[in-house]
Every structure is written in C-alpha cells, then in structure tokens.
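The values are calculated or read from the model by the stated rules, or taken from the named source; none is laboratory data. On a predicted model such as this, the values are computed, not experimentally measured, just so you know. Here the Cβ positions follow ideal geometry from the backbone for every residue, glycine too, while neighbour counts run over all protein chains shown.
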Amino acid sequence: MESEQAILAFAALAQPTRLDVFRLLMEHEPDGLPAGEIARHLAVPHNTMSTHLAILSRAGLVEAERQSRSIIYRAKLHAVRDLTGFLVKDCCGGHPEICAPLVAEFSPYCAPKKIAVREAAKHE
C-alpha cells in the first residue's frame, strides 16, 4: 500500500458515521449488509448513508454488490490487512519478536463468538 492510499483510507475513517459503518460491516463479514439496513441500524438518512458508503468505497475499504433490488456492502478484508501492514511494515527495526505482542492482540478479536464468550467467562 502506498502512502496516498493509506491517507485516503484514514481520511474516510476519520468521520464518526463512516467509522461506525465500517465497524458494522466488519461485524457482518462475510455476508455484508444492504445499504438500507446499514442506514436503519445507524439511524442515518438513506441519502446521507449513500454519501458515506461512496466515500468508503472510493477509499477502497468497502465493496458493493447488487443482489436483485438491494445493494449489499461488505468490508474489504484485504484492505484492512494492507492498511494494518502499512502501519507496522517497518516496526521494531527488523526484530519481529518485539512486534509479537502487537500481532497477538488481534487474535482475540477474530475468535468465534462461542469461544470468545467462554473465554470471557473463565476470566470472571
């Protein structure tokens, strides 16, 4: 990822509604959500939501697919990977063991819900 693309992605996410949209779409991977459902879920007018989705799409963070009369939006997981990689590319001056705790922090977020709930119960 080039700096210009990273700046475009960060600029798109630097607005509260767009950040909420992106996080909602990440939560609903891989199925995505129809544009109308995203607007209803976040209580945003449809025309305003269209603008936010267009900005996220131009930034390369979401993609749209027409399914019958609906447009389904999905987060582009490879864009998240590329953006994260861009941030940590030169991390720790060639000492990956220093970055290991940072990388390990991402694992719990992707755990299946049942396992995550069970793990949380263990720590109570």
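Is there a residue in segment 35-53 that is in contact with a Lys or Arg (Cβ under 7 Å, 6 or more places away or on another chain) and assigned by TED's automatic domain parsing to the domain that holds Ala14?
Kept after step one, since they are in contact with a Lys or Arg (Cβ under 7 Å, 6 or more places away or on another chain), are these residues of segment 35-53: 52.
Of the ones still in play, those that are also assigned by TED's automatic domain parsing to the domain that holds Ala14 are 52.
Taking every residue of segment 35-53 in turn, at least one turns out to be in contact with a Lys or Arg (Cβ under 7 Å, 6 or more places away or on another chain) and assigned by TED's automatic domain parsing to the domain that holds Ala14.
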Residues of segment 79-104 classified as more than 24 Å from Gln5 (Cα to Cα) and part of a loop (DSSP other than H, G, I, E, B), total: 1
Where a residue in segment 80-101 is at pLDDT 80 or above and its partner, wherever it lies, is basic (Lys, Arg), with Cβ under 6 Å and at least six apart: none
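Is it the case that segment 18-25 has a residue that's in contact with a Lys or Arg (Cβ under 9 Å, 6 or more places away or on another chain), closer than 17 Å to Leu77 by Cα and acidic (Asp, Glu)? Outline the logic, then answer.
First, the residues of segment 18-25 that are in contact with a Lys or Arg (Cβ under 9 Å, 6 or more places away or on another chain): 25.
Applying the additional criterion that residues be closer than 17 Å to Leu77 by Cα yields 25.
From what is left, the residues that are acidic (Asp, Glu) are none.
No, because not a single residue in segment 18-25 is in contact with a Lys or Arg (Cβ under 9 Å, 6 or more places away or on another chain), closer than 17 Å to Leu77 by Cα and acidic (Asp, Glu).
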Scan of segment 1-44 for residues that are of a type in the set (A, V, I, L, M), within 15 Å of the chain's Cα centre (by Cα) and exposed (fewer than 12 other Cβ atoms within 10 Å of the Cβ), ordered by number: Ala14
